[in-house]
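These notes concern the structure reproduced below.
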Amino acid sequence: MDFSGFEKLSLLDYDKHIASSLFVAGCDFRCPWCHNSSLVLDPASAPSIPWEDILSFFRKRRGMIEGVCITGGEPTLMPDLMEKIAELKSLGYLVKLDTNGSRPLVLRRALESGLIDYVAMDIKNAPSRYARTAGLSALDIRPIEESVSLLLSGGVDFEFRTTIVEEFHDEEAMKEIRDWIKGAPRYFLQRYIDGPNCIRSGFHMVEKEKASAWLALLSGYVGTASLRGYD
Ligand code: SF4
């Protein structure tokens, strides 16, 4: 399976690193505010970028680009994900994996491989609201819980992050999330941005003051809690 998107230079996708981003087509969620709707809803029509072309780029950029962010879509759906990551690591790149946490077996394999430097996992909402927030009619939350536990107990650096949307999140949800992810090294509340590429548009961002108040609820529960996208 090939990657379907390649951003050669990204200063946003891998904090504190000059990185490139690789996009996997397809996802098992349908988060309404997802900005990669074409990749998620119609993966069969997504571009296919030859792996050799990507490797050739990275062979020439050693020393200039520090890391690679594997994102999507949902990267853990890619059958040969670990083989590709191993090739990137052999070239000396840091690798960050973005995931929605729905496939804990793949995540476990990735964490145990020693090939992943950083994981960013979405916490879509409090467990009781997960299905609706992920755009699904029903969802077994147990795989997500397993992925949260894996990261909390593992030796790979990571973050949890929640895109907060006025119609989906509130203080009660934040308290549930807080209790769930207690002990995480870092947690981000990300600003929702509406746009034409969203799976569904028309929702509302949470104002900065309210988001800051929610952050305060996290104090003492996670290493650092920060806003992202509110500057
Ligand atoms: S936001 Fe992430 S998990 Fe949600 S539909 Fe988009 S790619 Fe999938």
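The values are calculated or read from the model by the stated rules, or taken from the named source; none is laboratory data. Note that the coordinates shown come from a computational prediction; the quantities given were computed from them, not determined experimentally. Ligands, DNA and RNA are excluded from the accessible area calculation, which covers all protein heavy atoms including side chains. Shrake-Rupley method; radii C 1.70, N 1.55, O 1.52, S 1.80 Å.
Which residue, Cys198, Cys27, Cys69, tops the fluctuation ranking in a GNM of the chain built on C-alpha contacts under 10 Å? Of the options given, Cys198 has the highest mean-square fluctuation. Near the amide H of Phe6, within less than 5 Å, lie the amide hydrogens of Phe23, all on another chain or at least 5 residues away, with H placed in the peptide plane.
Across region 142-159, rounded Karplus estimates of 3J(HN,Hα) from the backbone phi angles (6.51 cos²θ - 1.76 cosθ + 1.60, θ = phi - 60°) give 4, x, 5, 4, 5, 5, 4, 5, 4, 5, 5, 9, x, x, 9, 5, 7, 9 Hz, Gly and Pro being marked x. Excluding same-chain residues fewer than 8 positions from Lys84, which lysines have a Cα within less than 22 Å of its Cα? By straight Cα distance, Lys84 reaches Lys8, Lys60, Lys96.
Pick out which of Leu77, Leu39, Leu55 has the largest mean-square fluctuation in a Gaussian network model of the chain, springs linking Cα atoms closer than 10 Å. The residue that fluctuates most here is Leu55.
For Lys124, the lysines whose Cα comes closer than 16 Å to its Cα, not counting residues fewer than 8 places off in the same chain, are Lys175, Lys182. Note that region 5-228 presents 46 Å² accessible area per residue, ligands and nucleic acids not counted, probe 1.4 Å. Centroid-to-centroid, using Cα positions, region 188-231 and region 66-143 are 21 Å apart. Carbon-plus-sulfur accessible fraction, the chain (probe radius 1.4 Å, protein heavy atoms only): 50%.
Listed by chain and number, the aspartates and glutamates whose alpha-carbon sits under 18 Å from that of Lys16, ignoring those within fewer than 8 places in the same chain, are Glu7, Glu66, Asp98, Asp117, Asp157, Glu159, Asp231. Compute a Gaussian network model of the chain, connecting alpha carbons closer than 10 Å, and tell me which residue from Ala25, Ala216, Ala173 fluctuates the most. Largest GNM mean-square fluctuation: Ala216.
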